[in-house]
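As structure tokens, the structure follows; a few thoughts come after it.
The values are calculated or read from the model by the stated rules, or taken from the named source; none is laboratory data. These numbers were taken from a predicted model, which means no experiment stands behind them. Don't worry about glycine lacking a Cβ; one is built from the backbone with ideal geometry, like all the others, and counts go over all protein chains shown.
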């Protein structure tokens, strides 16, 4: 059971009528729609005159530098503007090059900024075909652009039986362990046996712990969760196996999923996949299977124990796959969430994406490049190396004309204060400018679909119509069409908040305390010019011409109308005191209302929008509402022992607190700092998780198991207690 899957969120919206009844828009961001993918890409040269560049990475230290490893042994730095002449490190004298050997991989420790450690994968120049060496170096103490060549500590060596299939990728995973790819060794006699067997390190993905006490005398440790740790006859370093020559693997920086490009033999090139939740041990099938074919072992194609590739292409489209990255940058909006990779032969660039759960080819493009490696910078922007040309390129786009779909608030009131205007659209990139009546205004890039713009009080001094224009100032960047924004006359009457008019939006209890981060409804008169809902995130602090202040802090607004406002209580509001709440429309400010502020003000959402009756409680894993048979569509009684998902309000402070007005994320989860107690009937339910629901603003989710001792019935009471405060009582149906 996980906090609020996408399917459950959609079911939640469909099943819980409170959204329509109370107009409480609990915003969930939606993924951008993919349009063109590769057609409009532009490849911007950032470095040239490099001898055999085969790797591109960054240090994760906030410096913005790129590190480019050359196959012969040097590592060069691009500082964001130019290529630094002096190498960061040069181990050419100890490297056996070239062909498929050389300095093949560089990875920086996750805590590099503090410890200065980085790791290399290279083929040494020892007798025969040399050994693969995994070693650690340290940056020098006096120059961040120069490493200490005498700091090498060898962690692991692997004698190569042939000069091909050396693998060579290094990368730290989201778990902090170092992952290493090895090829099957290349010599034909034992190739299959090596890759498929667990008693050797060839044809594998290895996983080791480099954070060991140097006094232990061990260069690395085995993570206890490695799948073959402790297994007799198996090398404990092995994380996955059955690979031929994995040339570049990468982790999705957003999900933690792993993509492994495996160079094929006679017919096919593969992209293999390992989900972030994997416990390792996957067998990717070589030499039994090559992509979808099993020429030597026909039965292997039916073996469910083998993990099949998510994508493959035949040799009419290339000869050696070059693994890439799932794009998570912002400069190329059309690539969002797309896995981009290439092939060494023919200059083909491929794009793959998930469509209804399956990985499919989204696009393919022929380029003039001989791809040898892809890389990411700290911001997730994509680069690649062309070894034969000796150049490195950044992937950008020439189709950055912004398109605006909406903005909010839709209007403002003359005489109002400086406000934040949210602009929603597509093809937004860093550096965009928003112009107000041809005057540039401070513009904050949020993501490829959202901008936040500062509109000054002087812009709102008089009623009238302003022109809003989104401009990409780069050459060929383009401009969105002009939009009109109304600055309306201030209303005659000042806003007024009802006595006890600030209520918990879940329990609808008025006159009680509010808690930081919770959702509250404010009732009164002349509270807004007209009705307006927030179409996106982050939430604005002015909507319908209205701004709400609590002790001077602006409250994010979900919905505004003359009689009701739905707001989020700012996370920065101090608990244990009182807050003065005022509503401002243009020059008019309401009389202050004193609102108690507590650490907790729990409430459970219902489908009735009254704070009583059927609870907004789902049966986990089904998306069904725990309601009587014959009740709302998509519902049934809950069964004892099942997991339930309760949706709540006002559960107080959380870990990894999002900014006010912004949605919670799934990684890391924002858990409550206090543990709630949930009663179903008179039975205590085990609470498995309590925290903010990912993708929502101010909405809490509590996962519980329905106890066997809970009573049966169509209206079994459910309540929650946290920090000594009690919620309202709602009902569910129990079978």
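Summary table
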item: Filter result for the condition that a residue is at positive phi and crowded, with 22+ Cβ neighbours inside 10 Å, over 186, 203, 230; result: 203
item: Some residue of region 182-203 being under 35 Å from the mean Cα position of the chain (by Cα) and either part of a strand (DSSP E or B) or without any contact (Cβ under 8 Å) to a residue 12 or more places away in the chain (or both); result: no
item: Flag if residue 521 is buried (at least 19 other Cβ atoms within 10 Å of the Cβ) and assigned by TED's automatic domain parsing to the domain that holds residue 692; result: no
item: Condition check for residue 425: closer than 27 Å to residue 579 by Cα and touching a residue at least 12 places away in the same chain (Cβ under 8 Å); result: no
item: Residues that are in contact with a strand residue (DSSP E or B) (Cβ under 8 Å, 6 or more places away or on another chain) and either crowded, with 17+ Cβ neighbours inside 10 Å or within 14 Å of residue 262 (Cα to Cα) (or both), drawn from region 159-172; result: 160, 166, 167, 168, 169, 170, 171, 172
item: Matching entry among 437, 504, 427, 411 (being surrounded by 17 or more Cβ atoms within 10 Å (Cβ to Cβ), on the phi > 0 side of the Ramachandran plot and touching a strand residue (DSSP E or B) at 6+ places or on another chain (Cβ under 6 Å)); result: 427
item: All positions within region 73-113 that are part of a helix (DSSP H, G or I) and either closer than 16 Å to residue 172 by Cα or in contact (Cβ under 8 Å) with a residue 40 or more places away in the chain (or both); result: 112, 113
item: Test: residue in region 658-677 that is at negative phi, part of a strand (DSSP E or B) and without any contact (Cβ under 8 Å) to a residue 24 or more places away in the chain; result: yes
item: Some residue of region 342-349 being within 25 Å of the chain's Cα centre (by Cα), crowded, with 20+ Cβ neighbours inside 10 Å and more than 30 Å from residue 228 (Cβ to Cβ); result: yes
item: All positions within region 609-632 that are in contact with a strand residue (DSSP E or B) (Cβ under 9 Å, 6 or more places away or on another chain) and in a loop (DSSP other than H, G, I, E, B); result: 611, 612, 613, 616, 620, 621, 622, 627, 628, 629, 631, 632
item: Scan of region 413-434 for residues that are within 23 Å of the chain's Cα centre (by Cα) and over 30 Å from residue 493 (Cβ atoms), ordered by number; result: 423, 424, 425, 426, 427, 428, 429, 430, 431, 432
item: Residue check, residue 689 more than 25 Å from residue 255 (Cα to Cα) and either outside the structural domain of residue 504 (by TED's automatic domain parsing) or in contact (Cβ under 8 Å) with a residue 60 or more places away in the chain (or both); result: no
item: Tally, over region 550-578, of residues that are surrounded by fewer than 24 Cβ atoms within 10 Å (Cβ to Cβ) and either assigned by TED's automatic domain parsing to the domain that holds residue 659 or more than 20 Å from residue 652 (Cα to Cα) (or both); result: 6
item: Strands (runs of 3 or more DSSP E) within region 366-413 that include 1 or more residues more than 20 Å from residue 81 (Cβ to Cβ), at pLDDT 95 or above and touching a helix residue (DSSP H, G or I) at 6+ places or on another chain (Cβ under 9 Å); result: none
item: Within region 114-161, strands (runs of 3 or more DSSP E) holding 2 or more residues that are under 20 Å from residue 180 (Cβ atoms) and free of Cβ contacts under 8 Å to residues at least 40 places away in the same chain; result: 131-139, 147-159
item: The lone exception for residue 641 - which of (1) more than 30 Å from residue 446 (Cβ to Cβ); (2) at pLDDT 95 or above; (3) in a loop (DSSP other than H, G, I, E, B) it fails; result: (2)
item: Among (1) within 19 Å of residue 68 (Cβ to Cβ); (2) at pLDDT below 95, the one test that residue 95 misses; result: (2)
item: Out of 276, 261, 291, sole residue that is over 22 Å from residue 135 (Cα atoms), in contact with a strand residue (DSSP E or B) (Cβ under 7 Å, 6 or more places away or on another chain) and at pLDDT below 95; result: 291
item: Positions within region 414-444 being in a strand (DSSP E or B), farther than 20 Å from residue 560 by Cα and modelled with pLDDT of 90 or more, in sequence order; result: 433, 434, 435, 436, 439, 440, 441, 443, 444
item: Residue within region 494-505 that is under 20 Å from residue 728 (Cβ atoms) and assigned to a loop (DSSP other than H, G, I, E, B) present; result: yes
item: Of the criteria (1) surrounded by fewer than 24 Cβ atoms within 10 Å (Cβ to Cβ); (2) in contact (Cβ under 8 Å) with a residue 24 or more places away in the chain, which one residue 718 fails; result: (1)
